[in-house]
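See below for the structure under consideration.
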Amino acid sequence: MAKTYKSVPGTLFDVTNYILLSVCALTAILPFIFVISGSFATDAELTKRTVFLIPETFSLAAYKFIFSTDTIIKAIGVSMFVTVFGTIVNLFFTVTMAYPLARRALKGRNTVLNLVIFSMLFGGGMIPTYLVIRELHLLDNYGALILPGAISAFNLIIVKNFFQEIPAEIEESAKIDGCNDMGILWKIVLPLSMPVLATFTLFYAVGHWNDFFSALLYINTPEKWPLQVLLRQIVLLSQAAAGDLSAMDATYVQPPDQSIKMAVIVVGTIPILLVYPFLQKHFAKGVMLGSVKG
Amino acid sequence: MKRNNKKVKKLASLVLIGTITATTLIGCSQTNNGNNTPKNVVANGAETNGTKVQDPLKINIMLPIFKTNYPKDNSPVAAEIEKITNTDIHFEWVPNASYADKFNITLASTKLPTIMYIGDVKSPSFVNAVKSGAFWEVGPYLKDYKNLSEANPVTLNNSSIDGKNYGLYRARALGRNGVQLRKDWLEQLNLELPQTVDEFYEMLKAFKEQDPDNNGKADTYGMVLVKWTGQWASGFDTIKLWFGSPNKWGDVDGQLVPEHQTAEYFEALTFMKKLYDEKLINQDFAIYDSAKWVDPIVNNQAGVIVDVIDGAARVDDKIHAALAAAGTDQPDVHFMDVIGGVKGADGKLHTLPTSGFAGILAIPKSAVKTEDELKRVLAFLDQLSEPEMQTMLNYGLEGVHYTLDENDAVVISKDTVLMESEVEGINQMGTYSPVPFSHLVQQTPLRLKQTELQIENEAFIVANPAEPFISKVYTEKGAQLDNIINDARIKYIVGQIDEAAFKDALALWRKSGGDDLIKEMNELYAASKK
């Protein structure tokens, strides 16, 4: 690579840029590091020192405590199941609905699209949805976490638009070569759509992983709670104890130690963060392609 | 090959049609079901949930849970309670942090449990449900039961809606608030427990300036204050009473007046400003998280917390734990002390009361259909108030979860996993009325003093005369109104605004709905006196 010539102001500009971007990056990363290192610190140290990045004494006590019962492990299992299975369901239904809608030959396409957009604009709200779920006998069933949101109308439209961008000529030539509609979808359209699929895999997966509210409403058996319900419970406990009279009990509820809270946050966040690097490559492309029309 | 393709094609279109129908159906049913289902639900509920008089009594009970572990339906303590009370109990645990959401949706679904914990008796959703007749009014029945009949009338009134009780309150100490302070610091500085506001101020000053922790550094301050500005225990809410301010609402010549319109309230605010200006309270109190409230005390940075009295023993435990970790613990020494408060200008104590209860246990009519069933459920709750049952609710089974020492005090099992998964949480269904537990955990002198003070405090509580009223204006605008006052008082304390600007904020409060609130409250007050 040839060296590019740079003027003094240009260098200055670059340096300023690097500094600004580093500051931005640090403000995003430091809290994470603090939480992670805090989860390895002893509670005494956490009350004593306010901000630090490396704990004086390295302790696994918080993690030992978390995993002393199988509650969290079970919850992680539930979350993983719902995330993996839910995402598969999401992608399957989104793609199979988006692809036909992307083809101009489909009759009634606009009516269906309008219905989709209608559902996006007018939701039933919490209680009607709850009643539907109950009538479908999905209460206390993982189905309640997966099926109601199987297709996100918004995501569907983006995927549909992406499919539309694929030149019809490619499909026509495939057809001439003897490929049927399913074949075109699987062998031609989907391979061309990896960026958009990766993006929505991530969107859906993160959505499932972070979703605590539907679990809270629809899941009545504590054994079936996903991780986020427990996470919220643990992290919010101390606030409730300080601020809410009804939370105070005959035998006082001791708020969990700071380090335990942090350890739970780490356990709740790291798994989904690990998904990012693998989808990162496609991700940037996918988001752009969904939005910019050529 | 071609035939196959056709099949796949068919399958694809089937899936597609299925998907579309499914989405449209869901869309439709969302709009329809809101009106149609409740009736069906009631019918269904009768079949599945019916508590026909059959032994043992089936009880579904919805309670908040504070831990991540919870007692199972068939765990030993629950089984023992079932045996004694001849019931079949099913717990519906709901994480406390999300109880309100779950509560609302459960109310709306009309498929209610037999017994339901109501956290906020005055919440619109519960009040509306009561007004539409969803819950039994239990008040008239209480007299027929041995324990329930001894309920405290003040707390009964506090937990009522328009004077009627739609549930059994879960009793808590009325005189629970006070001052926690560092005993060893007082001793180090040769100070007595403060008796008056001036002595309280002098103590804070000494804690800042005279090196109470004896480390030669000026690294201490007086009192920890937190951002919490709720109705109770925010520090200021207790301190204002020392100056003679009313608790929320004051009766001036027969008229209800909001506290912040009184001169005493402002005097207390000026006192807080003085504490702030002289750096006797933490300068970041407006954003200080209540989760870290006790940390400065434990770390020898501050000496006073104005909060609940029983917090002192917990702080004491924490100090001991910190010292033990450093290997310098003195197990028999108390580092904390408590007082109920300090005397005001009138030479009297004024302490902030709690409402005396922590939520109620209500009995829905859709789950308990007949009066006979209701009586059985009440008998069950009455039975839970027996001393030995209260002990069981709190500590579990003797020999398994706790033992009794030579003083008849309870020694709880150190096995936290066992306690969490079998005992903790079950006490949520007790009403603890009228008697306190028969056995208590081992009492240290500090804990004994705390209990004594809480009882003593009841004589000095400043009651809020508007407590039982349900205000429409407050339901609509209360949050904004409270925000105006909270903002103004924090700004005044930290010196961002002066007295005139504070008065402006009060005027804004009145304009933003405060006047309506005052009017409504006085109407309710007048009606209640008749």
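The values are calculated or read from the model by the stated rules, or taken from the named source; none is laboratory data. Everything numeric here is computed off the predicted structure, so don't read it as measured data. All Cβ positions, even for glycine, are placed from backbone atoms using ideal geometry, and neighbour counts span all protein chains on display. Heads up: the accessible areas ignore ligands, DNA and RNA and are worked out on the full protein's heavy atoms, side chains in. Shrake-Rupley method; radii C 1.70, N 1.55, O 1.52, S 1.80 Å.
The single condition among (1) over 22 Å from B:Asn190 (Cα atoms); (2) out of contact with any Ser or Thr (no Cβ under 8 Å at 6 or more places or on another chain); (3) touching a residue at least 40 places away in the same chain (Cβ under 8 Å) that B:Gly250 does not meet is (2). Being touching a strand residue (DSSP E or B) at 6+ places or on another chain (Cβ under 9 Å), more than 14 Å from chain A (Cβ to nearest Cβ) and open to solvent by 60 Å² or more (accessible area, probe 1.4 Å) is a property that B:Lys365 has. Quick check: anything in region A:222-230 within 7 Å of chain B (Cβ to nearest Cβ), farther than 28 Å from A:Ala153 by Cα and either modelled with pLDDT of 80 or more or open to solvent by less than 10 Å² (accessible area, probe 1.4 Å) (or both)? Looking through region A:222-230, at least one residue is within 7 Å of chain B (Cβ to nearest Cβ), farther than 28 Å from A:Ala153 by Cα and either modelled with pLDDT of 80 or more or open to solvent by less than 10 Å² (accessible area, probe 1.4 Å) (or both). Of all residues assigned to region B:99-107, none qualifies as being within 21 Å of B:Met419 (Cβ to Cβ), among the hydrophobic types (A, V, I, L, M, F, W, C) and open to solvent by less than 10 Å² (accessible area, probe 1.4 Å). Looking at B:Glu458, B:Glu467, just one residue is closer than 21 Å to B:Val308 by Cα, open to solvent by 50 Å² or more (accessible area, probe 1.4 Å), in a loop (DSSP other than H, G, I, E, B) and among the charged types (D, E, K, R), and that residue is B:Glu467. State all residues of region B:300-314 that are in a helix (DSSP H, G or I) and either of a type in the set (A, V, I, L, M, F, W, C) or more than 25 Å from B:Thr444 (Cα to Cα) (or both); if no residue qualifies, say none. Answer for region B:300-314, where residues must be in a helix (DSSP H, G or I) and either of a type in the set (A, V, I, L, M, F, W, C) or more than 25 Å from B:Thr444 (Cα to Cα) (or both): B:Ala312, B:Ala313. Restricting A:Ala41, A:Ala75 to those that are of a type outside the set (Ser, Thr, Tyr), part of a helix (DSSP H, G or I) and open to solvent by less than 70 Å² (accessible area, probe 1.4 Å) reduces the list to A:Ala75. Just one of (1) more than 13 Å from A:Ser259 (Cα to Cα); (2) open to solvent by 80 Å² or more (accessible area, probe 1.4 Å) fails for A:Leu60. It is (1).
Of everything listed in (1) on the phi > 0 side of the Ramachandran plot; (2) without any contact (Cβ under 8 Å) to a residue 12 or more places away in the chain, the single unmet condition for B:Asp504 is (1).
Yes/no per residue for (1) hydroxyl-bearing (Ser, Thr, Tyr); (2) away from chain B (no Cβ under 14 Å); (3) part of a loop (DSSP other than H, G, I, E, B); (4) buried (at least 17 other Cβ atoms within 10 Å of the Cβ):
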position	(1), (2), (3), (4)
A:Val116	no, no, no, yes
A:Ser119	yes, no, no, yes
A:Pro128	no, no, no, yes
A:Leu138	no, no, yes, yes
A:Ala144	no, no, no, yes
A:Phe162	no, yes, no, yes
A:Leu197	no, yes, no, yes
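When you scan region B:176-196, do you find a residue that is within 28 Å of the chain's Cα centre (by Cα), assigned to a loop (DSSP other than H, G, I, E, B), of a type outside the set (Ser, Thr, Tyr) and over 23 Å from B:Asn300 (Cα atoms), even just one? There is at least one residue in region B:176-196 that is within 28 Å of the chain's Cα centre (by Cα), assigned to a loop (DSSP other than H, G, I, E, B), of a type outside the set (Ser, Thr, Tyr) and over 23 Å from B:Asn300 (Cα atoms).
Within region B:108-122, the set of residues being open to solvent by less than 20 Å² (accessible area, probe 1.4 Å) and more than 7 Å from chain A (Cβ to nearest Cβ) comprises B:Leu112, B:Pro113, B:Thr114, B:Ile115, B:Met116, B:Tyr117, B:Ile118, B:Val121. Restricted to region B:315-434, the set of strands (runs of 3 or more DSSP E) holding at least 2 residues that are touching a residue at least 24 places away in the same chain (Cβ under 8 Å) comprises B:336-339, B:357-362, B:410-412.
When residues in region B:178-227 are screened for being open to solvent by less than 20 Å² (accessible area, probe 1.4 Å) and of a type in the set (Asp, Glu), 0 of them pass.
Residue count for region A:56-72 satisfying the condition of being part of a helix (DSSP H, G or I) and within 11 Å of chain B (Cβ to nearest Cβ): 4.
Yes/no matrix, rows are residues, columns are (1) farther than 22 Å from A:Pro222 by Cβ; (2) touching a Leu at 6+ places or on another chain (Cβ under 9 Å); (3) within 14 Å of another protein chain (Cβ to nearest Cβ); (4) at pLDDT 85 or above:
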position: B:Gly396; (1), (2), (3), (4): no, yes, yes, yes
position: B:Leu404; (1), (2), (3), (4): yes, no, no, no
position: B:Val410; (1), (2), (3), (4): yes, yes, yes, no
position: B:Ser433; (1), (2), (3), (4): yes, yes, yes, no
position: B:Ser438; (1), (2), (3), (4): yes, no, yes, no
position: B:Leu448; (1), (2), (3), (4): yes, no, no, no
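Note on region B:217-299: enclosed helices (runs of 4 or more DSSP H) holding 2 or more residues that are over 26 Å from the mean Cα position of the chain (by Cα) are B:263-277.
Across region B:80-94, the number of residues qualifying as under 24 Å from B:Val417 (Cβ atoms), more than 14 Å from chain A (Cβ to nearest Cβ) and open to solvent by less than 40 Å² (accessible area, probe 1.4 Å) comes to 3. Inside region B:315-354, residues that are away from every other protein chain (no Cβ under 14 Å), hydrophobic (A, V, I, L, M, F, W, C) and within 15 Å of B:Asn457 (Cβ to Cβ) make up a count of 4. Residue-level check: of (1) assigned to a loop (DSSP other than H, G, I, E, B); (2) more than 9 Å from every other protein chain (Cβ to nearest Cβ), A:Leu20 misses just (1). Exactly one residue out of B:Asp219, B:Asp289 is within 14 Å of chain A (Cβ to nearest Cβ), touching a Ser or Thr at 6+ places or on another chain (Cβ under 9 Å) and more than 24 Å from B:Gly175 (Cα to Cα), and it is B:Asp289. Going by the conditions given, is B:Ile497 touching a residue at least 24 places away in the same chain (Cβ under 8 Å) and over 20 Å from B:Asn464 (Cβ atoms)? Spelling it out, it is not the case that B:Ile497 is touching a residue at least 24 places away in the same chain (Cβ under 8 Å) and over 20 Å from B:Asn464 (Cβ atoms). Does region A:179-188 include one or more residues that are open to solvent by less than 10 Å² (accessible area, probe 1.4 Å), closer than 30 Å to A:Val35 by Cβ and either within 14 Å of chain B (Cβ to nearest Cβ) or more than 15 Å from the chain's Cα centre (by Cα) (or both)? Looking through region A:179-188, none of the residues is open to solvent by less than 10 Å² (accessible area, probe 1.4 Å), closer than 30 Å to A:Val35 by Cβ and either within 14 Å of chain B (Cβ to nearest Cβ) or more than 15 Å from the chain's Cα centre (by Cα) (or both).
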